[in-house]
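J.: Mind having a look at this structure? Questions to follow.
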Amino acid sequence: MNNRRKEKPPVWLGWIGDMSTITQFLLEKPWGSPWCLLKAANSILRAIGIVAFTNNPVSGVLILAAMVVGNMNVAWACLLAGGVGVLFAKILKQPEQQISDGVVVMNEILVGCISVAAFPAISGHTLTTIFWFYLTLALIITAYIDKGLNSLMAPSKLPALSIPFNIAAVVMLLSMRSAAGLTGTRLPDLPSNTPPLLASINSTEEIQWLKVMEGTLLAAGQIYGVGSIDSSILIYLGFLLFSPLFTIFMFMGSIIGTVIGAMLSAAPYTDAYIGLWGYNAMLTAGGISFFMVPTPGVVLAAVVGAILAATVQAASLHIFNTMTVPVLSYPFNVATLLILAIGVTTNSPFPWVADKTFPEHHVFLYIRSLRAQNAEAITQDPEDQGKPLKILTAEDNHLTY
C-alpha cells in the first residue's frame, strides 16, 4: 500500500481536469521573470472558471468567450477585475498556490461581472468613467475583504466561497444608489430599449415548462451576468471540459432550483424563465460535488443543498427586494456552507477532499483508498480481525498519489 501511494501519476492526468501540469510549471517561474504575463493570465483564466469551481484555464477561455458574446462590457470588467485581483493578491501576500489557482481572485471577478451586468439598471449609473472608478475601488476593497474573511474562517476549515463578493457588491450598489439620489425602494427609470430576452416572455398565468427548461440552461450564464442561450452553452462547454461528472451535478442543481422557483413564484415567472432561480441551486450542487467525494450520500446531500438554496432564495427575496438589492449568491453561500460543515466534522458521513483536482479523480482515489484498506484488513493480525474497520475519508489520505 505504501508503494502505491508513492507512485507517480500518469503524465496525461496533468492535462485533463484541473490541468495541474500547467500550474506546477508556472509555480516554478518567478514573478520577476518574462513568465509573469503567462502566470497572471493563468491565474485570471482559472479565477474565471473557479467562480463555478471549474479550475481549468481552457474552461476560463470558453467562459470569457461567453462574456464577449453576451456582453462585451462584462468581459472588459472581468479582465479589469482579474488584473486588480492578481495585483492585490501579491500585495496582500496571498499563497502562491491560491494565486495560481485563481481562488483569491474569483471574488473580484464576480464583483466586476455582476456590477456591469446588473448594477447600472438598479443604481441609475451608466458605464461612465465614474462607474469604472467606483468599480475599481470596489475590486480593491473586495481583495481585502477576501483576505480577512478567509483568515477568520480558517479555524473552521470551511471556505469563504463568494461571501466577500456579496459584501462588496451590496456596499457598492447601495453607495452608488446614494450617489444617484435614489433612496428607499425607488428605482431608476427603465431604459427604453428593453432586452429582447425579457420582451419575448409571455405574461401568461400558466407556467410554461419549456421556458422553465430553458431557464435551467440560462442559469449557467446568470452566474456571470450574461444570461443568453449562446453564452450559457459556451459556459456549459467549459464545465464539461473540466469534468463531465461535475457538469451533471451543476445541471441537476439548476433543474431543482428553476423548478422550485417556478412553483414558488407568481406569474409571469420571468425570473424562472431567464435562469435567475437556477444559478444558486446549481452552484450549491456543484460545490458539494467539488469539495466532497461524490458518493451516494453526497449525491443526496447535493439534492438537499440545491433545495435548500432555492427555498432560502424564496425566503430572502422579500428582504432583498425591500432594500432594492439583488439576492446575488447569498442563498448559495448559506446552503453550501451548512452542508460542507457536516463534511469537516469528526466521523463525517461525507468524504472530504483535502487536495482538490476534479471529481472523477476524487472518486478514483477514494475507491483506491477503500481497496487498500480492505487489502490491509485481510492481512491484519488475528487479534485485530474482530475489530471494526476505520472508514478512510478523503481527509485521511489527502487523496494524493
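J.: Where the second residue is open to solvent by 30 Å² or more (accessible area, probe 1.4 Å) and among the basic types (Lys, Arg) and the first is part of a helix (DSSP H, G or I) and lies in the range 353-368, which pairs have Cβ atoms under 6 Å and are six or more apart or on separate chains?
T.: Within 6 Å, no pair qualifies.
J.: Let me ask something else about it. Condition test on ASN71, is it open to solvent by less than 40 Å² (accessible area, probe 1.4 Å), polar (S, T, N, Q) and farther than 28 Å from ILE367 by Cα?
T.: Details: open to solvent by less than 40 Å² (accessible area, probe 1.4 Å): no; polar (S, T, N, Q): yes; farther than 28 Å from ILE367 by Cα: yes.
No: the conditions fail for ASN71.
J.: Among the residues of the range 304-314, is there at least one that is touching a residue at least 24 places away in the same chain (Cβ under 8 Å), more than 26 Å from ILE109 (Cα to Cα), surrounded by fewer than 24 Cβ atoms within 10 Å (Cβ to Cβ) and in contact with a Phe, Trp or Tyr (Cβ under 7 Å, 6 or more places away or on another chain)?
T.: no
J.: Would you mind stating whether VAL298 is touching a strand residue (DSSP E or B) at 6+ places or on another chain (Cβ under 7 Å), among the β-branched types (Val, Ile, Thr) and closer than 29 Å to LEU370 by Cβ? Write out each step before concluding.
T.: Details: touching a strand residue (DSSP E or B) at 6+ places or on another chain (Cβ under 7 Å): yes; among the β-branched types (Val, Ile, Thr): yes; closer than 29 Å to LEU370 by Cβ: yes.
So VAL298 passes the test.
J.: Residue check, THR324 against (1) closer than 20 Å to GLY287 by Cβ; (2) in contact (Cβ under 8 Å) with a residue 60 or more places away in the chain; (3) more than 21 Å from the chain's Cα centre (by Cα), all met but one. Which one?
T.: (1)
J.: Examine the range 282-290 for a residue that is farther than 17 Å from ASN55 by Cα and either open to solvent by 20 Å² or more (accessible area, probe 1.4 Å) or not β-branched (Val, Ile, Thr) (or both), and state whether such a residue exists. Spell out the reasoning first.
T.: Taking the range 282-290 and keeping what is farther than 17 Å from ASN55 by Cα, we get none.
The answer is no; no qualifying residue exists.
J.: Could I ask something else about it? Could you tell me whether PHE320 is modelled with pLDDT of 75 or more, touching a Pro at 6+ places or on another chain (Cβ under 9 Å), open to solvent by 20 Å² or more (accessible area, probe 1.4 Å) and hydrophobic (A, V, I, L, M, F, W, C)?
T.: Details: modelled with pLDDT of 75 or more: yes; touching a Pro at 6+ places or on another chain (Cβ under 9 Å): yes; open to solvent by 20 Å² or more (accessible area, probe 1.4 Å): yes; hydrophobic (A, V, I, L, M, F, W, C): yes.
The answer is yes for PHE320.
J.: Ok, one more. Taking only the range 266-282 into account, find how many residues are farther than 21 Å from THR336 by Cβ, in a loop (DSSP other than H, G, I, E, B) and in contact with a helix residue (DSSP H, G or I) (Cβ under 8 Å, 6 or more places away or on another chain).
T.: Within the range 266-282, residues that are farther than 21 Å from THR336 by Cβ, in a loop (DSSP other than H, G, I, E, B) and in contact with a helix residue (DSSP H, G or I) (Cβ under 8 Å, 6 or more places away or on another chain) number 2.
J.: With the condition kept exactly as written, say whether any residue in the range 257-265 is part of a loop (DSSP other than H, G, I, E, B), open to solvent by 10 Å² or more (accessible area, probe 1.4 Å) and modelled with pLDDT under 95.
T.: Restricting attention to the range 257-265, the residues satisfying the condition of being part of a loop (DSSP other than H, G, I, E, B) are 265.
Those left that are additionally open to solvent by 10 Å² or more (accessible area, probe 1.4 Å): 265.
The next check asks that each one be modelled with pLDDT under 95; those that pass are 265.
Taking every residue of the range 257-265 in turn, at least one turns out to be part of a loop (DSSP other than H, G, I, E, B), open to solvent by 10 Å² or more (accessible area, probe 1.4 Å) and modelled with pLDDT under 95.
J.: Considering only residues that are surrounded by 14 or more Cβ atoms within 10 Å (Cβ to Cβ) and out of contact with any helix residue (DSSP H, G or I) (no Cβ under 7 Å at 6 or more places or on another chain), which ones fall in the range 26-42?
T.: Selection gives CYS36, ALA41.
The values are calculated or read from the model by the stated rules, or taken from the named source; none is laboratory data. A quick note: this is a predicted structure, and the numbers were derived from the prediction, not measured. Methodologically, a virtual Cβ is constructed for each residue, glycine included, from the backbone with ideal geometry; neighbour enumeration extends over all protein chains shown. These accessible areas exclude ligands, DNA and RNA; they are computed on the full protein's heavy atoms, side chains included. Shrake-Rupley method; radii C 1.70, N 1.55, O 1.52, S 1.80 Å.
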